[in-house]
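Working notes for the structure below.
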Amino acid sequence: MLLFLLKSKIHRAKVTAANVNYEGSLTIDLDFMEKVGLLPYERILCSNLANAARFETYAIPGDRASGSIILNGAAAHLGKPGDRLTIMSFTQVDARKAKSWKPRVIVLGDNNIVLNERGI
C-alpha cells in the first residue's frame, strides 16, 4: 500500500512580490528549493498564514540567494508582499517505510533567512 506523506515544506516564507501578469506559479529561491528537494515545475500546495487562502500551483526556480518568494498569475490575488506562506509538496511512500519517513523542512525568519532545517 502507498501513502501520501509530506515530502517538502518551506515554512513561514515571506512573500517578496506578486505579479498578476505572469502566467502562473510561485517563484522560489532555488537555494530553498534544493534544500527541501523541490524540483522545477513540481506541484505544490500553499497556505497563506495572513488570510488562510490555500492554493495549488507549481514551483519555478528564482535567483539563488535572493530570498525570492513571488506569487504569480492568479495566485497573486491570494496574498501580498509581507504575507507568510507554508509551501508543501507530497509524495507516495510505501506503508512499510512510512513510520520512518522524514520530510525535508526549512523554517524561514526575517528576510527569508533559514532559521531551522529538519530531515536535510
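Using the per-residue mean of other Cβ atoms lying within 10 Å as a proxy for protection, in what order, highest first, do the peptides 105-113, 24-32, 49-57, 84-92 fall? Don't skip to the answer; put the middle values down first.
Values: 105-113: 15.1, 24-32: 21.0, 49-57: 13.1, 84-92: 18.4.
Order by mean packing, descending: 24-32, 84-92, 105-113, 49-57.
Could you size up the charge dipole of the range 43-111 around its Cα centre, putting +1 on the beta carbon of Lys and Arg and -1 on that of Asp and Glu, and report it in debye to the nearest 20?
Numbers: 10 positive and 5 negative charges, 83 e Å.
The dipole magnitude comes to about 400 debye.
Can you list residues whose amide H is under 5 Å from residue 22's amide H, if they're 5+ apart or on another chain and H is modeled 1.01 Å from N?
73
Please check which bits of the range 92-120 a label hung off residue 5 would reach, taking the label as a point 7 Å along Cα-to-C-beta and the cut-off as backbone N under 20 Å.
Flagged as within label range: 92-107, 117-120.
Using 7 Å Cα-to-Cβ label points, what is the residue 45/residue 117 separation (nm, one decimal)?
So the label points at residue 45 and residue 117 sit 2.6 nm apart.
Run through the DSSP bridge list for the chain and note the antiparallel percent, rounded to the nearest 5.
Roughly 70 percent of the DSSP beta bridges within the chain come out antiparallel.
FYI, it's all coordinate maths here, none of it is from the lab. Note that this is a predicted model, so its numbers are computed, not measured. All Cβ positions, even for glycine, are placed from backbone atoms using ideal geometry, and neighbour counts span all protein chains on display.
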